[in-house]
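Bear in mind these aren't lab numbers, they're just calculated from the coordinates by the rules spelled out. All figures in this text were calculated on a predicted structure; none of them were measured in a lab. Ideal geometry is used to build each Cβ from the backbone, glycine not excepted, and the neighbour counts take in all protein chains shown.
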Amino acid sequence: MDIIYLRDLRIETVIGIFDWERRIKQVVSLDLEMAADIRRAAAADRIGETLDYKAVAKRLIEFVGSSEFQLVETLAERVAELVREEFGVRWLRLRIDKRGALRDCREVGVVIERGQRE
């Protein structure tokens, strides 16, 4: 199994349970690892033969940027569903970091894995 990944994709979104969080946008950071077989793309040297990470990033910026979830857990599940369904990814690991969620902690978030590793 090969992995195509995105690191520290920063997106502004409405996220949180408190009233003040519902009125502002906060930055979340996504790390995403996606299973892919890159052999055919490498042999052909063509983007059409691989998982287009730019297309994935653009779609996530659109989706997350317009979302208004209360929980990071919900956001993670919806992002995983979107990537698996729209891009045909069989397995992924997603880490979402909600920076600044706790005053004395640099990073807070969730890590989920969905699908089957080959």
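Can you tell me which residue within the stretch 72-83, out of those that are under 11 Å from the mean Cα position of the chain (by Cα) and of a type outside the set (A, V, I, L, M), is surrounded by the fewest Cβ atoms within 10 Å (Cβ to Cβ)?
The initial filter retains those residues of the stretch 72-83 that are under 11 Å from the mean Cα position of the chain (by Cα), namely 75-83.
With of a type outside the set (A, V, I, L, M) added as a condition, the list becomes 77-78, 81.
Working: E77: 16, R78: 14, E81: 11.
Result: E81.
If I ask for residues that are within 12 Å of the chain's Cα centre (by Cα) and crowded, with 18+ Cβ neighbours inside 10 Å, which ones from the stretch 47-71 would you list?
Kept after step one, since they are within 12 Å of the chain's Cα centre (by Cα), are these residues of the stretch 47-71: 53, 56-65.
Once the filter is applied, which keeps residues that are within 12 Å of the chain's Cα centre (by Cα) and crowded, with 18+ Cβ neighbours inside 10 Å, the stretch 47-71 yields V56, L60, V64.
Does at least one position in the stretch 23-31 carry a residue that is touching a residue at least 60 places away in the same chain (Cβ under 8 Å), touching a Leu at 6+ places or on another chain (Cβ under 6 Å), surrounded by 13 or more Cβ atoms within 10 Å (Cβ to Cβ) and closer than 27 Å to A101 by Cβ? Can you show your working first?
From the stretch 23-31, those touching a residue at least 60 places away in the same chain (Cβ under 8 Å) are 26-31; that's our starting set.
Keeping just the survivors that are touching a Leu at 6+ places or on another chain (Cβ under 6 Å) gives 30.
From what's left, surrounded by 13 or more Cβ atoms within 10 Å (Cβ to Cβ): 30.
If we keep only those that are closer than 27 Å to A101 by Cβ as well, we get 30.
So far as the stretch 23-31 goes, yes, one or more of its residues are touching a residue at least 60 places away in the same chain (Cβ under 8 Å), touching a Leu at 6+ places or on another chain (Cβ under 6 Å), surrounded by 13 or more Cβ atoms within 10 Å (Cβ to Cβ) and closer than 27 Å to A101 by Cβ.
Identify all residues within the stretch 84-104 that are surrounded by fewer than 16 Cβ atoms within 10 Å (Cβ to Cβ) and either in contact with a helix residue (DSSP H, G or I) (Cβ under 8 Å, 6 or more places away or on another chain) or not in a helix (DSSP H, G or I) (or both); write none if there are none.
Restricting attention to the stretch 84-104, the residues satisfying the condition of being surrounded by fewer than 16 Cβ atoms within 10 Å (Cβ to Cβ) are 85-86, 88, 90, 99-100, 102-104.
Within the stretch 84-104, E86, G88, R90, R99, G100, L102, R103, D104 qualify.
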